[in-house]
Structures are given as C-alpha cells and as structure tokens.
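The block underneath contains the structure these notes are about, expressed in structure tokens.
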Amino acid sequence: MGTEVLVVGSLHFDILVTSERLPRIGETFAGNAWMTKCGGKGGNQAIEAARHGAATAMVGCIGNDEFGRPLLDNLKASRVDTSFVRRMDAGSGMSVAISDAEGDYGAVIVTGSNALVGKEEIAGATDSLSAQSILVLQNEVPEHANIVAARAARSRGARVVINAAPARAMSAGLLELIDILIVNAVEAEMLGGGKVEDIASAALAAKLLTATVPVVIVTAGRHGLAFCSTDGAATIAAHKVDLVSTHGAGDAFVGALAAQLARGASLAQAAVYGNAAAAVLVATLEGERRDLSHRETEALLRPA
C-alpha cells in the first residue's frame, strides 16, 4: 500500500503546565501540575491520521539532542512511517503550553530543527503518493518547504490540504497549490475572512476565503465549523461533551479529516467525522489520549 496521508511539518517536544488561569503580563502564578508530550502540529496530525486508519508518513526534522529520540519513538509507536524524518545538528523544536481550569490554553513555540525541513526528504516521501493521497501542511515549517511539497504532490495527482496555523501571510505561489484550506477563528480573520464569533460568521469567513482557495473550512471551537466550496456550503454544530482541554483539538480534526478524504469520503462526510474526532479528543485526559482510536469517534457518530 502506498502512502494515503503524507504530513510535511513540525515536530515539537512539548511541556504542558496546568493552572487555574493564565498568568498576566509580568506575573508569576503558581500552577497545579506539569507533564511532557510529543507534539508539533505536523506530528500531531500525522498521528491522528494514522489513528483513524490511514497509511501515514511524516516528513520532518528533529534535533541531535535529548528531545529527538522521544519524538521519533512516539511517531513509530503510533504507526507513522518515519523513513523521512531526519536528525539534524540543531536543537529540536519545542513548545511550552499553559492550560487553565476552563480547558483553554496558550503556547509559545521554538522552531529549532523544524526550520531545516528541505527538498531531499520531501522528494523521497512524495514518490509514494497517488491521486487518492492527501498531503497535509501547516505553517510551522518554512513556506518554501510547503511549496516544494505541494508541487511534488500535485505532480502525482494528490490533493493538498493546509492547516494555516499559526497565522501568517501566505504567498500567492503557495495558495495556488492548495486544494483545501483549514483555519480557526484567529487565522480566518488574519487571512481576510473577518471576525469569527459564531457559526454564522464562520460560514461567512469560509465563503470569503474561497476567493483564494477552492475549498475552505473554518473551525469555530464550541460553535462547530463551516465549510464552503464550489459544490456548496454547510455548517456543522459542535458535539456537546464534557471538556477536559482544547489542546490538540484542531490537529485531531485535520488528521481525521485527511484520513477520511484519503479513503474516498466526500468533504461533508470527512468534516462530520473530523468534528467528532475533535470532540472525543477534547473530552479525554492528556494521559489517556494515546489509547484513542477511530472506534471512539465512530461511537459518537452513532444515533443515540
């Protein structure tokens, strides 16, 4: 079997801190606990795609330091092909995130070795793509790497999905290679979709952003999501679940959606599935998320 989902992106060693609230500027505030986690939007999305049944490969760079090995081992343990993950003479990417009592969070990211993702590993990985494959990109690696990957994927007939996070301006050269753009409220506003405060404004943002990309999905947290394409537009309400933490919700959605698209699902079907996958994740404790699989998502989608 060839690669169904190829993720070109970031790998970060995360330190997660829980606290009653986020500190104010200049304030030192006592937290409740801390833990480490292997992350990076690229790594997270690759693991989610594999979790939901897709043959998934990762292209990325890790550092020649103590964080590199657990990042690699975590991908392998999640059944992600790591043949195109390179170890570099640089520090691994890392982040520090703070999650508050309401389940919301903020994070600071250090790019490190992720800035070194290049043509060699991308070229080797894209050889296994087909017209049924999905390439997944984000904004945590240099834009030139995303352009190289998108061009190579397009030459194989694969569809290109970009989760434009974190928010940054993207060149016309990259946007013209994108088939599906996925953004949250912050990213949608930054790219010209206007302020997203509810499902109606998410739908309007998705429509506005189709001026640059043929298919746009705008996620709006507890409100749900909206998507728009030349075939139509729709909104999907969020599932009502007991929130543990929103950390990783967007990555769960992207990975699950990519897995479904690679298996032949329509955009609407994949979005419904991805929405459920994100709901399952945010209702699960960080330490128990590794054991999640597509079964929990399918169970949430079954009629009551």
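Side notes on the structure shown:
- Histogram of C-alpha separations across the chain, 10 Å bin width, %: 7, 30, 38, 22, 4, 0
- When you filter the trypsin sites (Lys or Arg not before Pro) in the range 86-192 for DSSP loop state and at most 15 other Cβ atoms inside 10 Å of their Cβ, you are left with ARG168.
- With a Förster radius of 25 Å applied to the beta-carbon distance between ALA30 and LEU300, the computed FRET efficiency rounds to 0.10.
- For the chain, share of DSSP beta bridges that run antiparallel, in % to the nearest 5: 40 percent
- Compared with the direct C-alpha span, the chain from SER155 to ARG290 gains 45.1 nm at full extension, assuming 0.36 nm per residue.
- The phi-based Karplus calculation (6.51 cos²θ - 1.76 cosθ + 1.60; θ = phi - 60°) puts the 3J(HN,Hα) values of the range 162-178 at 10, 8, 6, 9, x, 5, 7, 5, 10, 6, 4, x, 7, 4, 6, 9, 8 Hz, whole numbers, x for Gly and Pro.
- The value for the range 22-81 of Rg(Cα) / (2.2 N^0.38 Å) is 1.48.
- Estimated [θ] at 222 nm from DSSP helical runs (n ≥ 4, -39500 (n - 2.57)) normalised by residues in the chain, nearest 500: -10000 deg cm²/dmol
- The ALA211 and HIS239 beta-carbon pair, evaluated with R₀ = 41 Å, returns a calculated FRET efficiency of approximately 0.85.
- Built amide H within the under 5 Å cut-off of ASP81, gap 5+: THR56, ALA57, MET58
- Computed FRET value (nearest 0.05) for ARG69 with ILE15, which takes r as the C-beta separation and R₀ as 25 Å: 0.90
- Potential lengthening of the chain between ALA123 and SER266 amounts to 48.7 nm, from the contour at 0.36 nm per residue minus the alpha-carbon distance.
- Environment charge of ALA125, counting only residues whose C-beta is closer than 15 Å and scoring Lys/Arg +1, Asp/Glu -1: 0
- Inter-part distance where the range 1-38 and the range 109-161 are each reduced to a Cα centre, Å: 23 Å
- Relative to the Cα centre, the charge distribution of the range 101-228, modelled as +1 at Lys and Arg Cβ and -1 at Asp and Glu Cβ, gives a dipole magnitude of about 380 debye.
- In this label model, LYS195 and ARG87 are separated by 5.0 nm, measuring between points 7 Å along each Cα→Cβ vector.
All of the numbers you see were taken from the coordinates with simple rules; none came from a lab. Keep in mind that what you see is a predicted model, and the values were worked out from it rather than measured. No Cβ is skipped: glycine too gets one built from the backbone with ideal geometry, and neighbour counts run over all protein chains shown.
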